[in-house]
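Remarks on the structure that follows.
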Amino acid sequence: MKSLLKISSILLVVLNACTSAQLSQTINDLNKTLGGETPLTTAEVADGLREALIQGISKGSDLVSQTDGYFKNPEIKIPFPPDVKKVENTLRDIGLGSEVDRFILTLNRGAEEAAKEAKPIFIQAIRSMTIDDAWAILKGEQDAATQYLRRTTSAQLREKFKPVIQSALNKVNATRYYSELVNRYNQIPFVEKVNPNLDDYATDKAIDGLFLMIAKEEKLIREDPVARTTDLLKRVFGYKK
């Protein structure tokens, strides 16, 4: 208990520092007063955050990349593109509901397939995280790490993820089904012709779903000690009280 109180005091002081240099100096100064006690170090914080993010991404990616990972998860299931909702409604009205349902299924299958390739993209971004980034995340909101990833990787992730989703959609025939549906709709007399970009839509929705699952895993690690499956995670997140 005495040791825990000392470490907690250290954390309170350290959390008030702003830069990695200030953090290091603070820790060094406090080390001298603890008689050999080992406080939480800046390197441990950075490593712990990276480990937590990689764990969250791995779990999140594994959840969504399995069969029905998107399709049977109401939080992230990808619906018919909302900007052409009238296409879905019209096709259902003329008896093509089963074709629409088949497309929605393959759309989500494409996202599930693409999610298998997303993990390394995220992990590369995590490994480049600075110590200052790590401390800011540790002191941040429940989804601070997820928001950091979204802020720093979205453009690059989308660029790399789009060809993956394109390939995945082609693999499960979602692109062909979509083209067939849109072509059928455009053949209906007096309707306004549509041709939205399915790849862009599917890419954005697949990435949003992946971030959502990562955020849930991050929140779990922050709140539930049982979710901290390694000593480093327990040490880093156990001190932020």
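The values are calculated or read from the model by the stated rules, or taken from the named source; none is laboratory data. This is a predicted model, so every value here is computed, not measured. Ideal geometry is used to build each Cβ from the backbone, glycine not excepted, and the neighbour counts take in all protein chains shown.
General remarks:
- Of the helices (runs of 4 or more DSSP H) lying entirely inside region 1-106, those containing at least 2 residues that are within 24 Å of I131 (Cβ to Cβ) and either among the aliphatic types (A, V, I, L, M) or at pLDDT 55 or above (or both) are 2-14, 20-33, 42-65.
- Among residues of region 185-204 being in contact with a helix residue (DSSP H, G or I) (Cβ under 7 Å, 6 or more places away or on another chain) and part of a helix (DSSP H, G or I), the one that is surrounded by the fewest Cβ atoms within 10 Å (Cβ to Cβ) is D199.
- A search for C-beta distances below 9 Å between a residue of region 202-218 that is under 21 Å from T175 (Cα atoms) and any residue that is among the polar types (S, T, N, Q) and not in a helix (DSSP H, G or I), counting only pairs 6+ apart in sequence or on different chains, returns G209/N73.
- Candidates E117, E112, filtered to the one that is surrounded by fewer than 19 Cβ atoms within 10 Å (Cβ to Cβ) and not β-branched (V, I, T): E117
- Which listed residue is among the hydroxyl-bearing types (S, T, Y), over 24 Å from E218 (Cα atoms) and touching a residue at least 40 places away in the same chain (Cβ under 8 Å), from T106, T130, T175, T146: T106
- Among the residues of region 167-184, those identified as among the polar types (S, T, N, Q) and either part of a helix (DSSP H, G or I) or surrounded by 20 or more Cβ atoms within 10 Å (Cβ to Cβ) (or both) are S167, N170, T175, S179, N183.
- Residue match in region 200-216 (condition: of a type outside the set (D, E) and at pLDDT below 80): no
- Among residues of region 156-171 that are closer than 17 Å to F122 by Cβ, those with a Cβ under 8 angstrom from a residue that is surrounded by 14 or more Cβ atoms within 10 Å (Cβ to Cβ) and polar (S, T, N, Q), sequence gap 6+ or separate chain, pair up as R158/T203; F161/T203; K162/T203; I165/T203.
- Residues being of a type outside the set (D, E, K, R), in contact (Cβ under 8 Å) with a residue 24 or more places away in the chain, closer than 14 Å to T106 by Cα and out of contact with any Ser or Thr (no Cβ under 8 Å at 6 or more places or on another chain) - total across region 179-200: 1
- Residue within region 109-118 that is farther than 19 Å from R151 by Cα, out of contact with any Leu (no Cβ under 9 Å at 6 or more places or on another chain), of a type in the set (D, E, K, R) and outside any helix (DSSP H, G or I) present: yes
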